[in-house]
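Dropping a structure here in structure tokens format, bear with me for questions.
What follows draws every value from the coordinates through simple rules; no lab data is involved. What you see is a predicted model, and the numbers here were worked out from it, not measured in a lab. A quick note on method: Cβ atoms are made from the backbone with ideal geometry, for glycine too, and the neighbour counts reach across all protein chains shown.
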Amino acid sequence: MDRFRIRGGRPLSGDITIGGAKNAALPLMAAGLLTAERLVLTNVPKLADIVTMRLLLEQHGVAVEPATNDGRTLSIGGPITNTEAPYDIVRKMRASILVLGPLVARTGEARVSLPGGCNIGARPVDLHLKGLEQMGATITLDGGYIAATAPHGLKGTTIVFPFPSVGATENLLMAAALADGQTVLANVAREPEITDLADCLVAMGARITGIGSDRLTIEGVKALHGATHPIIADRIETGSYACAAAITGGALHLRNGRLDHLGAVARTLREAGVEMIEENGGLTVRRLNGLHGIDFITEPYPGFPTDMQAQLMALMCVAEGASMITENIFEDRFGHAPELNRMGANIKVHGASAIVRGKPGGLSGAPVMASDLRASFGLVLAGLSAQGTTTVNRVYHLDRGYETAELKLAACGADIERVGG
Ligand code: UD1
């Protein structure tokens, strides 16, 4: 299993190109199941999760072909020959559940293994299933699989979400695009990745209003057609490298980074003493003076994203003063806290909250273990700022969501290398 060896204490400076958003690319690839024509996606990131989604689509019979030499444009299309999403693929990536809505909407049936994915709590899929049932699908669970059928097609209806789930919003939005009649999805999630999906569906011929709000109205159509769609830049990758500039006391230009998509992350970083300026097709990020402890709570967009919690926690470990971090989205997402404490941090977890007492004097290098994708980057950040050598084990988590992270960081002056075996 690969690990990163980091010798910390070097301020980063230079340019980092932010790739296409993983969490936009995955539902967009699933949207390829909605049409018999070709969906061409540009700005596709090269990540382990994208390979997993590609394998999943291919075993449904759909071709996923690189359309340019750099492999960042994928052309997706072809007849669906198999409607089962098998355990061996789905267990690697929870977002595999996103094929459920499109498969049922297009073919009237699907059998999808119950998902696994990141090790951050129970993560049920009840909202996805209830929504499809409300649209007329019959759903049964058997042998670890979700079996959904709608032999006469899905029917439009009104679905009120008890909680704005990102994945359930995407699944039901895709299903509603081909349903018979009008579907209203209320209290839905409105992350930029959902807007990106909705924009692509519209380009494919879907009729959607309310895009970007918490209420989507979809007039179902009989068929969708092909389209070409550029994937938005990854706001979590942007925020993660902004933290790298801040924690090392350096300055980075994040090409393609957007302040409007960062929302609460930009506000929180600024409050902590980080300057962020939109210029030259991206964001310039630098630490002004010292970092200050700040409190934040993870919430659905436009609130502070759970996917940035670990990175900000690493930053708070070296800030002046205390910080209270409350995790409202997932019940078990502080796996990085004990690892950061092994590097000299002072973090106490009380239920859904963590108190970080910052140490402006810094952390010290240690061997640590990544527990999930974003936690891994939190540990890398700690390693970049720490005195001495840090080894981050299990970077396969990080590879799911950060393309060549060690190369991007090394090009800006970090002393970081990937060690195999
Ligand atoms: C997506 C993101 C993930 C991010 C998360 C929250 C992708 C591929 N993944 O995950 O990176 O951390 O949004 O921003 O885009 N829930 C239920 N029942 C459901 C669905 C969800 O109870 O049917 C709960 C979950 O357990 C969790 C919360 O709702 O506590 C949020 O989950 P959700 O928004 O669905 O996250 P994902 O789509 O899985």
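Which of GLY335, GLY290, ALA370 sits farthest toward the positive end of the charge dipole of the chain, with +1 on the Cβ of Lys and Arg and -1 on the Cβ of Asp and Glu?
Selected residue: GLY290.
Could you list, in their original order, any pairs among LYS155/LYS222; LYS22/LYS348; LYS22/LYS222; LYS22/LYS155; LYS348/LYS408 whose Cα atoms are separated by more than 21 Å?
As for pairs spanning more than 21 Å Cα to Cα, those are LYS22/LYS348; LYS22/LYS222; LYS22/LYS155; LYS348/LYS408.
For region 154-170, in order, what is each residue's ³J(HN,Hα) by Karplus, 6.51 cos²θ - 1.76 cosθ + 1.60 with θ = phi - 60°, in whole Hz (x at glycine and Pro)?
My calculation for region 154-170 gives 8, 10, x, 7, 9, 10, 9, 6, x, 8, x, 6, 5, x, 5, 4, 5 Hz in order.
For GLN182, which sequence-distant residues (separation of 5 or more, or a different chain) have an amide H within less than 5 Å of its own amide H, given hydrogens modelled in the peptide plane?
Counting only residues 5 or more places away or on other chains, the set is GLY156, GLY220.
Which order do the peptides 13-21, 288-296 take when ranked by the mean count of other beta-carbon atoms within 10 Å per residue, highest first?
Final packing ranking: 13-21, 288-296.
Right, next: For the chain, how big is Rg over Rh, using alpha carbon atoms and the Kirkwood form of Rh?
0.98
Please turn the phi angles of region 276-286 into ³J(HN,Hα) values with the Karplus equation 6.51 cos²θ - 1.76 cosθ + 1.60 (θ = phi - 60°), one per residue in order, whole Hz, x for glycine and proline.
9, 10, 7, 7, 6, x, x, 10, 9, 10, 8
In whole Hz and in residue order, list the ³J(HN,Hα) couplings for region 25-32 that follow from phi through the Karplus curve 6.51 cos²θ - 1.76 cosθ + 1.60, θ = phi - 60°; x for Gly and Pro.
4, 5, x, 5, 5, 4, 5, x
With a 10 Å radius around each residue's Cβ, average the other Cβ atoms per peptide and rank 165-176, 182-193, highest first.
My ranking of the peptides, most packed first, is 165-176, 182-193.
Between the helical axis of 235-248 and the dominant principal axis of the chain, each derived from Cα atoms, what acute angle in degrees is found, rounded to the nearest 10?
With both axes taken from Cα atoms, the answer is about 0 degrees.
Moving to a separate point now. Given H placed 1.01 Å from N in the peptide plane, which residues other than close sequence neighbours of VAL40 have an amide H under 5 Å from its amide H?
Correct list: ILE76, ALA227, THR228, HIS229.
If you average the alpha carbon positions of region 377-421 and of region 1-78, how far apart do those two centres end up, in angstrom?
21
How many percent of the alpha carbon pairs in region 8-126 exceed a separation of 18 Å?
So the pairs more than 18 Å apart make up 53 percent of the total in region 8-126.
Can you list residues from other chains, or at least 5 along the same chain, whose modelled amide H is less than 5 Å from the amide H of LEU114?
Those qualifying (amide H under 5 Å, at least 5 residues apart or on another chain) are TYR145, ILE146.
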